[in-house]
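Colleague: Here's a structure for you.
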Amino acid sequence: MSSKDKSKFKMFLKTTKSAGAAGERTLRPEFENELRPEQPIAQRCKMLKELGDQHLHNINLDETAITKLWHLTNDLIVPNKPAETRQIALSFYKRLIHTQYKSLTLMREKFFLVIQNHEAHEDLRHLLELLDTLTENGKDITNFEEKIGKFMLLWIPAITDASLLCPYLDMLVNLIKFNAAHLDKDILVGIVQNACELSCTVADDDTGLQCLTILELVIGYTIFPSETLHLCIVTLCRTVNHARYCQASFKVCPGITCTHYNWV
């Protein structure tokens with residue numbers, strides 16, 4: 001065989017291998033064996049990194065395989081595991097969701113419950129990134145439509161303490177834009193109350209502007225809760241006198257005015 005033919009043959013083998021990997025629907029036995037709970041934690045974490053960095057983007061797992069991965073690894077995120085171990089597992093889940101997004105159905109709720117019920121505060125940034133990936137930055141809340149609104153409200157104090165308001169509010173903006181129909185009145189009241197309070201108290205101007213955007217979106221995309229009208233007007237009277245907030249405040253005012261006269 002000539003060198004040219006050998007080169008073509010090697011290319012054929014490489015192409016065939018890549019095509020086969022992309023069509024994989026189940027978890028390879030060697031991956032499964034390395035991830036079993038009886039294996040040393042360091043070995044399992046190493047496999048998670050390898051699987052996430054080198055393999056997931058080349059395969060297309062079915063949900064049975066994704067569920068198996070969850071059962072093999074969920075013990076790594078319990079509170080008594082070291083923070084580094086938990087965060088490696090959470091980062092793997094983020095990569096898994098991103099690469100296998102179209103295959104997720106029932107596991108979507110499972111991953112949401114992981115985020116909702118996770119108790120280790122030092123993992124908060126990883127949880128926020130995981131929710132961002134799971135929802136496509138707040139746009140897709142399939143299978144947990146009735147749960148996410150209340151959770152987002154309850155999360156605000158921890159998010160504020162961890163200085164993660166900016167990415168959180170970005171997600172909340174899309175949640176209102178794309179899923180307003182799933183936000184009940186009590187959730188909208190909480191969103192408006194928190195947006196008003198934060199816009200008057202946060203030191204970061206960009207965060208304050210995000211809060212005013214949220215007020216504008218609640219007015220434009222939902223039935224604005226009448227209970228919060230007075231608070232919203234008081235807030236706008238304050239923010240309109242802030243140089244950075246002035247224009248954004250004026251954008252909200254017409255919606256508030258129309259809302260008020262519709263109730264009169």
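Colleague: At a probe size of 1.4 Å, how large is the accessible area of K81, to the nearest 10 Å²?
Modeller: 40 Å²
Colleague: Sticking with this structure for a sec: Using only the alpha-carbon atoms, how far is helix 41-50 inclined from the longest principal axis of the chain? Give it as 0 to 90 degrees, nearest 10.
Modeller: Between helix and principal axis, roughly 80 degrees.
Colleague: For mean projected area of the Cα convex hull in nm², pick the label among [x] 18.8; [y] 14.5; [z] 13.5 that corresponds to the value derived from the coordinates.
Modeller: It is the value labelled [x].
Colleague: Would you check the accessible area of E119, probe 1.4 Å, heavy atoms only, in square angstrom rounded to 10?
Modeller: 150 Å²
Colleague: Considering Cα pairs under 8 angstrom that are at least six residues apart, work out the relative contact order of the stretch 13-133 and quote it in whole percent.
Modeller: The normalised contact order for the stretch 13-133 reaches 27 percent.
Colleague: Working from Cα positions, state the angle (0 to 90°, nearest 10) between the long axis of helix 3-22 and the longest principal axis of the chain.
Modeller: Once rounded, the angle reads 50 degrees.
Colleague: What's the local net charge at Q193, with K and R +1, D and E -1, over the other residues with C-beta under 11 Å away? Don't skip to the end; give the middle numbers.
Modeller: Details: positive: none; negative: D186, E197, E227.
It works out to a net charge of -3.
Colleague: How far apart, in nanometres, would the label points at L106 and C237 be if each is projected 7 angstrom from Cα along the Cα-to-Cβ direction?
Modeller: Between L106 and C237, the label points sit 5.5 nm apart.
Colleague: In addition: Given a 1.4 Å probe and the protein chains all in place, what does the accessible area of H71 round to, in Å² to the nearest 10?
Modeller: Counting only protein heavy atoms, the figure is 120 Å².
Colleague: Averaged per residue, what accessible area in Å² does the chain show with a 1.4 Å probe, protein chains only?
Modeller: Working: 14070 Å² over 264 residues.
Each residue of the chain exposes 53 Å² on average to a 1.4 Å probe.
Colleague: Per 5 Å bin from zero, what fraction in whole % of the C-alpha pairs of the stretch 108-187 is there, up to the bin with the longest pair?
Modeller: Result returned by the calculation: 3, 15, 30, 29, 17, 5, 0.
Colleague: Can I ask one more? Mind checking the full-extension length gain between D62 and I41? Use 0.36 nm per residue of separation minus the Cα-Cα distance, one decimal, nm.
Modeller: Length gained, D62 through I41: 5.0 nm.
Colleague: Let me ask another. What angle do you read, to the nearest 10 degrees and between 0 and 90, between the alpha-carbon axis of helix 185-201 and the longest principal axis of the chain?
Modeller: Tilt relative to the chain: about 80 degrees.
Colleague: Continuing with this model, one more query. Work out the length of the dipole vector of the chain about its Cα centre, built from +1 on the beta-carbon of each Lys and Arg and -1 on the beta-carbon of each Asp and Glu, and round it to the nearest 20 debye.
Modeller: Charge dipole of the chain: 1220 debye, to the nearest 20.
Colleague: Ignoring ligands, DNA and RNA, what percent of the accessible area of the stretch 62-201 is carbon or sulfur (1.4 Å)?
Modeller: In the stretch 62-201, the share of accessible area belonging to carbon and sulfur is 50 percent.
The values are calculated or read from the model by the stated rules, or taken from the named source; none is laboratory data. Note that the coordinates shown come from a computational prediction; the quantities given were computed from them, not determined experimentally. Positions of Cβ are backbone-derived with ideal geometry, glycine not excepted, and every protein chain shown enters the neighbour counts. Surface areas here come from the heavy atoms of the whole protein model, side chains and all, with no ligands, DNA or RNA. Shrake-Rupley method; radii C 1.70, N 1.55, O 1.52, S 1.80 Å.
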